[in-house]
Amino acid sequence: MRATKGNKEYAISEAQKKTYQDTGFDILDDDGSVISYGRGKSVPYEEYDALRKENGALKKELEGLRKNQEQTDNGSNEGDKEPSTGRKK
């Protein structure tokens, strides 16, 4: 079992788990999966994780929309110009 916080990582036993968690360390199992999150964080981790996932999805959607906009702009530049009437202003 490991306790991590920032760039610090310690190998801990089950008996030390609560102490490290109370001081803000996240507790990971040997596979690297989070067992429990450290206390004292300013945003509940569940809320942070939901927003992080939503942000990733929105970034992908934005990238797709930008690519679509570029394709639309490249294909329709000729139609955007005003037709010439032949008269001088």
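Read-outs throughout are calculated quantities, based only on the coordinates presented, and are distinct from any laboratory measurement. Predicted, not measured: the structure shown is a model, and the values here were computed from it. Every residue, glycine as well, gets a Cβ built from its backbone with ideal geometry; the counts of neighbours run over all protein chains shown.
Data overview
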item: Subset of the stretch 17-53 [under 10 Å from R2 (Cα atoms) and either in contact with a Ser or Thr (Cβ under 8 Å, 6 or more places away or on another chain) or assigned to a helix (DSSP H, G or I) (or both)]; result: K17, Y20, F25, D26, I27, L28
item: Enumeration of residues in the stretch 6-44 that are of a type outside the set (S, T, N, Q), within 24 Å of the chain's Cα centre (by Cα) and surrounded by 14 or more Cβ atoms within 10 Å (Cβ to Cβ); result: G24, F25, D26, I27, L28, Y37, G38
